[in-house]
1. Can you tell me which of (1) modelled with pLDDT under 90; (2) surrounded by 11 or more Cβ atoms within 10 Å (Cβ to Cβ); (3) assigned to a helix (DSSP H, G or I) is the one Asp336 doesn't meet?
2. Could you list, in sequence order, all residues of region 1-42 that are hydroxyl-bearing (Ser, Thr, Tyr) and over 24 Å from Ala232 (Cα atoms)?
3. Step by step: first the residues of region 85-131, then only those that are aliphatic (A, V, I, L, M) and assigned to a loop (DSSP other than H, G, I, E, B), then the one that is farthest from His319 (Cα to Cα). Which residue is that?
4. Which members of region 36-51 meet the condition of being among the aliphatic types (A, V, I, L, M) and in a helix (DSSP H, G or I)?
5. Six or more apart or on different chains, Cβ atoms under 7 Å: show the pairs whose first residue is in region 293-306 and over 17 Å from Val55 (Cβ atoms) and whose second is among the aromatic types (Phe, Trp, Tyr).
6. Please tell me if Glu196 is under 18 Å from Ala223 (Cα atoms) and either over 24 Å from the mean Cα position of the chain (by Cα) or of a type in the set (Asp, Glu) (or both).
7. Could you list, in sequence order, the residues of region 277-295 that are open to solvent by less than 30 Å² (accessible area, probe 1.4 Å) and either of a type in the set (Val, Ile, Thr) or touching a Gly at 6+ places or on another chain (Cβ under 8 Å) (or both)?
8. Checking the condition surrounded by fewer than 22 Cβ atoms within 10 Å (Cβ to Cβ) and either of a type in the set (Val, Ile, Thr) or closer than 16 Å to Ser141 by Cα (or both), which residue from Asp239, Asp221 passes?
Amino acid sequence: MRAVPEGFDEAYRLQQTRYPSTGEGWQPVHTVYVPADRFSIRTLSEWSDQALSLVKAHLPDPAALAEVFGVPGGLAAAVHPKVIQKLSSEPIEDLRIDFEDGYGVRPDLVEDDHVAQAVEAVATMHAAGTLPRRWGPRVKSFADGNPARSVRTLDLFLSGLMERAGELPRGFTVTFPKILMEAYLGQFTQVLGRLEDELEVRLRFEMQVEAPQTLPFLRGDLAESLGGRLAAAHFGVFDYTAAIGLPPHEQRLDHPACDHARHVMQTAFAGTRVELSDGSLAAAPASGLTGDVHALWRRHAELVRHSLRHGFYQGWDMHPSHLVSRFATVYAFHLDRYDAYRERVRAWEEQREAEGGLMDEPATIRTLVAALSRADAALP
């Protein structure tokens, strides 16, 4: 009698390759994208200065943070200094230099010039040690009907940077938007393969899920089929909600239709180490008045909490004000349950009953350990 069923070894090998585990290592809590024509070596300091000015004017102490973000006083006292520390030391964890929607369509020579300016800024920041831990361009979509422009921007960006900096700095990724046809993914991967051979580098990319047409070809073997180059999938709320016909006032991250799309993303990429990121809030404070700034922070915090509750630990930020509400909400989320999670893990390890009569399963313990690791990586 055969002890191992025929074909098992191959199936198990494929399982380990396709579903290695949950994500490992550090993942940014946000991505900031800046139109390419507005990006410079001053971008990070400008965002930091604006965010810190808002804190000074409208969030001066833990009591104000507790009131604006609805967290207990003790938790606010722990979060407030961490927000200031983060805004001062690392205001942007992941930066995307945008050549797509935030940039628009320009004459080829104009876009070429902005690519060169971006390369010079990135090389200067790399030399100074100020480049964010993650960074890279967002190129135009193949769905626009002009893939040559998208490829040219990426080619000029990478070749120019390699020439200027002498290497490809760590943390590089390129964002590929509006993928209405699965074939575009394979074609873009071929472009990356050619650039890898020419430049002798390894390239990975993020796909954006911005259309209902994208959902049917999200599946567990997608990253494998793309040669391991797919690093992340980012949800695009406004293109997606417009594509399914939602009215403008319902084009929001916490709409049930967006929950459905994100759950499809989670189902498709579970265990593959493809990182997931949520979308953004396209709004800034209506004025410099405290009431308007607080209103913006409260709304953004609601959306960030919604993402966190649904297992999306990264999102897109569009304005310096968003940095305040992003970090305040993320830090409060992680710190609020940190001690309780750690106690449950300890109880499990010591083979004793956890407080409150909880009977944790091994899968829950793995989730608790992952949550603690995520908190440790996110907190300054």
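The values are calculated or read from the model by the stated rules, or taken from the named source; none is laboratory data. These numbers were taken from a predicted model, which means no experiment stands behind them. Note that each Cβ is placed from the backbone with ideal geometry, even for glycine, and that neighbours are counted across all protein chains shown. Quick note on the areas: whole protein, heavy atoms, side chains included, nothing else; ligands and nucleic acids left out. Shrake-Rupley method; radii C 1.70, N 1.55, O 1.52, S 1.80 Å.
1. The single condition Asp336 does not satisfy is (1).
2. Tyr12, Ser40
3. Val105
4. Selection gives Ala36, Leu44, Ala51.
5. Qualifying pairs under 7 Å: Arg305/Phe333.
6. Working: under 18 Å from Ala223 (Cα atoms): yes; either over 24 Å from the mean Cα position of the chain (by Cα) or of a type in the set (Asp, Glu) (or both): yes.
Spelling it out, Glu196 is indeed under 18 Å from Ala223 (Cα atoms) and either over 24 Å from the mean Cα position of the chain (by Cα) or of a type in the set (Asp, Glu) (or both).
7. Ser277, Asp278, Gly279, Ser280, Val293 - these are the residues of region 277-295 that are open to solvent by less than 30 Å² (accessible area, probe 1.4 Å) and either of a type in the set (Val, Ile, Thr) or touching a Gly at 6+ places or on another chain (Cβ under 8 Å) (or both).
8. Asp239
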